[in-house]
């Protein structure tokens, strides 16, 4: 008998969770059972929970109670049972999994290097989240980069999408890109991409006093300011804001200070999830939530299947290797480790230069 262990949170209170264990169901024809080996936990996963109702993240791995859900994570899993003729036991997958020990999947659109989870409840969800790499068949697969792939690929893929989106829109005529929560991994990835473009605007990073030195050591931002130094921003220079914080008070201050020179705000993350109610000074008509899968679908229509992903993957690999200079990955296993990592990430206590890789 195989038991499935699941980390279940209250949708309206991510600090309230329980660990549930149940017997794995018998597989139907065409299904497989994947054992989740390990997965990354970052502020990105907090964002999945905070905007879960708006964007549909709770729909991927539904549970019995409507007011509870499972946070999606990026990780690796091994096929331990198969009722599908084309998917053997022992196949190894990389992709979007629940915070759980196992996942029943219904493989579809199967190719040597990739498959989709064709489960009925996932049919209308973004394809990028339903796609899984069959890593044993990937010509570029490098096992030594497994941890970076779990931690950084989902973030740096979004980072590259942000860069491409801003460039595609002529940087919204901005002369500076202001990035609150500049120590977040997605912010650092965006900074890698923007910094590599010789015609990109200058970069201004906003961060806490605790993280200022670490952000400065990256040498990616032209100027690094703390949240207490917002008044030092050049408000005469047109700006685009790439917000990783979701801090409504901070964004209101920036919008008020910049006025007409706030050309656009792209709301990407909510690292300060408890402060994400936007105040009266927030300029909504020049702000929008950024959704990376939507941008990928746009580029797929414009450039053809796989073209954008190829660029993004090349960027990710280069940036991930550079990130080894500063990133410390914490590896632990077991339910207690998962709880500890989630609590730390949720409270924003993971240092800027660290990340969690855990598993049940």
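Just a few scattered comments:
Per-residue answers, yes or no, for (1) modelled with pLDDT of 90 or more; (2) under 18 Å from the mean Cα position of the chain (by Cα); (3) not assigned by TED's automatic domain parsing to the domain that holds residue 100:
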| site | (1), (2), (3) |
| --- | --- |
| 270 | no, yes, yes |
| 275 | no, no, yes |
| 283 | no, no, yes |
| 288 | no, yes, yes |
| 301 | no, no, yes |
| 332 | yes, no, no |
| 339 | yes, no, no |
| 347 | yes, yes, no |
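- Of the residues 312, 319, the single one that is modelled with pLDDT of 90 or more, crowded, with 21+ Cβ neighbours inside 10 Å and out of contact with any strand residue (DSSP E or B) (no Cβ under 9 Å at 6 or more places or on another chain) is 319.
- Scanning the stretch 129-171 for residues that are modelled with pLDDT under 90 and farther than 28 Å from residue 328 by Cβ yields a count of 1.
- Any hit, the stretch 266-281, residues being part of a helix (DSSP H, G or I), under 19 Å from residue 174 (Cβ atoms) and out of contact with any helix residue (DSSP H, G or I) (no Cβ under 7 Å at 6 or more places or on another chain): no
- Selection count where residues are part of a loop (DSSP other than H, G, I, E, B), closer than 30 Å to residue 90 by Cβ and in contact with a helix residue (DSSP H, G or I) (Cβ under 9 Å, 6 or more places away or on another chain), scope the stretch 29-53: 1
- For the stretch 21-53, the set of residues classified as out of contact with any strand residue (DSSP E or B) (no Cβ under 8 Å at 6 or more places or on another chain) and surrounded by fewer than 17 Cβ atoms within 10 Å (Cβ to Cβ) consists of 26, 28, 29, 53, listed by residue number.
- Criterion violated by residue 154 - all others in (1) within 30 Å of residue 34 (Cα to Cα); (2) surrounded by fewer than 21 Cβ atoms within 10 Å (Cβ to Cβ); (3) touching a strand residue (DSSP E or B) at 6+ places or on another chain (Cβ under 7 Å); (4) touching a residue at least 40 places away in the same chain (Cβ under 8 Å) satisfied: (2)
- Criterion: over 28 Å from residue 100 (Cα atoms) and surrounded by fewer than 18 Cβ atoms within 10 Å (Cβ to Cβ) - qualifying residue of 330, 284: 284
- Residue 261 under 22 Å from residue 56 (Cα atoms) and touching a strand residue (DSSP E or B) at 6+ places or on another chain (Cβ under 7 Å): no
- Cβ-Cβ under 9 Å pairs, at least 6 apart or on other chains, the stretch 86-98 side more than 16 Å from residue 38 (Cα to Cα), far side surrounded by fewer than 20 Cβ atoms within 10 Å (Cβ to Cβ): 86/110; 87/110; 89/78; 89/80; 89/81
- Of the numbered criteria (1) surrounded by fewer than 21 Cβ atoms within 10 Å (Cβ to Cβ); (2) touching a helix residue (DSSP H, G or I) at 6+ places or on another chain (Cβ under 6 Å), the one residue 119 fails is (2).
- Test for residue 353: is it assigned by TED's automatic domain parsing to the domain that holds residue 9 and touching a helix residue (DSSP H, G or I) at 6+ places or on another chain (Cβ under 9 Å): yes
The values are calculated or read from the model by the stated rules, or taken from the named source; none is laboratory data. Quick caveat: nothing in here was measured; it's all calculated off a predicted structure. Reconstructed Cβ throughout: ideal geometry from the backbone, glycine too, with neighbour counts over all protein chains shown.
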